[in-house]
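Derivation of every value follows stated rules applied to the coordinates shown; laboratory data play no part. Remember, it's a predicted structure, so these values are computed and weren't measured experimentally. Using ideal geometry, Cβ is built from the backbone for each residue, glycine included, and neighbour counts are taken over all protein chains shown.
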Amino acid sequence: MHLSEFDFELPEQLIAQNPPTVRGSSRLLVALPNQPIEDKKFSDLINYIEAGDVLIFNNTKVMKARLFGQKASGGKIEALIERVLDEHTALAHIRSSKSPKTGTELIFDGEIHATMLERVGELFKIHFSGSLNVYELLEQHGVLPLPPYIERAAGADDDDRYQTVYAKHQGAVAAPTAGLHFTDEILGSLKDKGVEFAEVTLHVGAGTFQPVRVDNIAEHKMHSEWFQIPDATVSTIQAAQARGNKIWSVGTTSLRAIESAARSGSLKAGSGDTDIFITPRFEFQIIDRLITNFHLPKSTLLMLVSAFSGSLKIREIYQHAIEQEYRFFSYGDAMILGRE
């Protein structure tokens, strides 16, 4: 398969630069197998989920992962923390006029002192000094890392709106954006209907925004992300499958975590890294329905939804969304997809 097969023209004005005024008020495109596309509101989701179905949420929490400062020698520097390794050490993307060498002292805003320990591929291993751990330093002095296609700096509202209402475990540098539509009221209505909830954790990395740079997508090297599947989630899913209910993934990150844990043919609890690359002809083991936002042209996530619902169906869906002026990407509208 070639990269050009996953391209489309998107009018710039459809790229959402801000969240909807009220959380949960987004539009919802419904595209289920053998049914016409429907244009709904996100609150209509409850009409498509049956009692006993399972919704899987990614409970990762976005870190204020961006730090600004300078090298001890004076050159400006910007760091994006990709992964926290322990209380004082992290892997980071670094932007500066020259890449820092091993032993370079870095001084970030807030008088945060760090040392570059070593290069790890495209990332830099950094050790932070002082009594605060990395998460505490970021919470006090970091800046929320909005996606690159949002052409403004993060504001105070983003600290709340670029975070799901059920976020628990810090570690992501990007939000699991399908979850941004859910409110406590919507969750309560679903629970009252008898819908069951299950959680996974997948810490979304900055690689989710990296473009595919090869024409033959089989040559693309997927970024790696840490995930965890609790025993309770496995039990909930297996019980629902046994009684014939559907398994719904809230977002592509929940889907990637679950399908990674089921690659052997059966779903297993545990944790680890995944670099699963889902493209057409992938055989899904667990997920029946997917709630997701609209994705970037030529992106691995567009390839994933093409694998899930079929490339022709996704082209039809995206064309319809553009014609109906749905809002795209992280702060945009949502859709329900069924498996091909």
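Every pair of different Cα atoms in the stretch 1-156 enters the Kirkwood calculation, which places the hydrodynamic radius at 19.3 Å. Each of residue 315 and residue 269 was given a label point 7 Å from its Cα along the Cα-to-Cβ line. The distance between the two points is 4.5 nm. With R₀ set to 51 Å, the beta-carbon distance separating residue 119 from residue 323 gives a calculated FRET efficiency near 0.60. Per-residue Karplus couplings for the stretch 241-249, computed as 6.51 cos²θ - 1.76 cosθ + 1.60 with θ equal to phi - 60°, are listed in order as 4, 5, 9, x, 7, 8, 9, 9, 9 Hz, Gly and Pro entered as x.
Qualifying trypsin sites (Lys or Arg not before Pro) in the stretch 239-306, where qualification requires a DSSP coil assignment and no more than 10 other C-beta atoms within 10 Å, comprise 243, 281.
For the stretch 140-235, what does the alpha-carbon gyration tensor say about shape, rounded, prolate or oblate, given a ≥ b ≥ c as the root eigenvalues, a/c under 1.5 as rounded, and a/b over b/c as prolate? Oblate. Each Lys and Arg adds +1 at its Cβ and each Asp and Glu adds -1 at its Cβ; summed about the Cα centre, the stretch 66-141 shows a dipole of about 460 debye.
Think of each Lys and Arg Cβ as +1 and each Asp and Glu Cβ as -1; about the Cα centre, that makes the dipole of the chain roughly 440 debye. Farthest toward the positive end of the dipole of the chain, out of 57, 190, 326, is the Cα of 57, where the dipole comes from beta carbon charges about the Cα centre. Its Cα centre serving as origin, the stretch 237-294 has a Cβ charge dipole (Lys and Arg +1, Asp and Glu -1) of approximately 200 debye.
When each of the peptides 112-119, 54-61 is scored by the mean number of other C-beta atoms lying within 10 Å of its residues, the order from highest to lowest reads 54-61, 112-119. Converting phi to 3J(HN,Hα) with the Karplus coefficients 6.51, -1.76 and 1.60 and the offset θ = phi - 60°, the stretch 96-101 yields 7, 4, 9, 4, x, 8 Hz in sequence order, with x at every glycine or proline.
With 0.36 nm allotted per residue and the present C-alpha distance subtracted, the residue 8-residue 157 stretch has 50.5 nm of extension available. Ranked by the mean number of other Cβ atoms within 10 Å of their residues, highest first, the peptides 307-317, 15-25 fall in the order 307-317, 15-25.
Exposure proxy for 91, 106: other Cβ atoms within 10 Å of each Cβ, ordered fewest to most, give 91, 106. Candidate cross-link partners of residue 246 among the lysines, defined by an alpha-carbon separation under 29 Å and a same-chain spacing of 8 or more, comprise 40, 41, 61, 168, 191, 193, 268, 313.
Volume per residue of the convex hull around the Cα atoms, evaluated for the stretch 145-302, comes out as 126 Å³. Taking a ≥ b ≥ c as the square roots of the eigenvalues of the Cα gyration tensor, the stretch 66-141 is classed as oblate, since a/c reaches at least 1.5 and a/b does not exceed b/c. Relative to the current alpha-carbon distance between residue 133 and residue 43, full extension at 0.36 nm per residue lengthens the span by 28.4 nm.
Going from the residue with the fewest nearby Cβ atoms within 10 Å to the one with the most, 135, 149 rank 149, 135.
Using just its DSSP H runs of length 4 or more, each adding -39500 (n - 2.57), the chain gives a mean residue ellipticity at 222 nm of -6000 deg cm²/dmol after division by all residues. Listed by chain and number, the aspartates and glutamates whose C-alpha is less than 16 Å from the C-alpha of residue 101, apart from same-chain residues fewer than 8 away, are 78, 118, 122. Applying the Karplus relation 6.51 cos²θ - 1.76 cosθ + 1.60 with θ = phi - 60° to the stretch 152-164 yields 3J(HN,Hα) values of 7, 7, 5, x, 4, 5, 5, 4, 9, 7, 9, 8, 6 Hz, where x marks Gly and Pro. For residue 98, the lysines whose Cα falls under 23 Å of its own Cα, not counting residues fewer than eight places away in the same chain, are 71, 76, 125.
Peptides 195-203, 92-100 ranked from most to least packed by the mean count of surrounding Cβ atoms within 10 Å: 195-203, 92-100.
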